[in-house]
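The values are calculated or read from the model by the stated rules, or taken from the named source; none is laboratory data. From a predicted model like this one, the values you see are computed outputs, not experimental measurements. The area values use the complete protein model at the heavy-atom level, side chains included, leaving out ligands, DNA and RNA. Shrake-Rupley method; radii C 1.70, N 1.55, O 1.52, S 1.80 Å.
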Amino acid sequence: MSRETDDELPRPPRHFVPPVLDRWDVAELRAYIATLKAEIARAEAAIGKLDAHRSAADAFFRKP
């Protein structure tokens, strides 16, 4: 049994293709907004984690 590395995991498309919202009702639109907000929060958390790792590496390898 092999474990997938980050390089082996599928990546989402780089460009977001918004759905057509014309036929959605208000409840569906609100649920969609909630989903998008959760995904934004998840992406921001990932950015924060990557920034922290970069800062730690920069501090570690900084010349005295």
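Which of (1) of a type in the set (A, V, I, L, M, F, W, C); (2) modelled with pLDDT of 95 or more; (3) open to solvent by 90 Å² or more (accessible area, probe 1.4 Å) does PHE61 not meet, given it meets every other one?
(2)
Taking PRO10, is it open to solvent by 100 Å² or more (accessible area, probe 1.4 Å) and in a loop (DSSP other than H, G, I, E, B)? First the steps, then the outcome.
Working: open to solvent by 100 Å² or more (accessible area, probe 1.4 Å): yes; in a loop (DSSP other than H, G, I, E, B): yes.
The answer is yes for PRO10.
Do you know which of the residues in region 13-40 that are in a loop (DSSP other than H, G, I, E, B) and of a type in the set (Asp, Glu) is most open to solvent (accessible area, probe 1.4 Å)?
If we filter region 13-40 for residues that are in a loop (DSSP other than H, G, I, E, B), which is where we start, we get 13-25.
Of the ones still in play, those that are also of a type in the set (Asp, Glu) are 22, 25.
Numbers: ASP22: 137, ASP25: 81 Å².
Per the criteria, the residue is ASP22.
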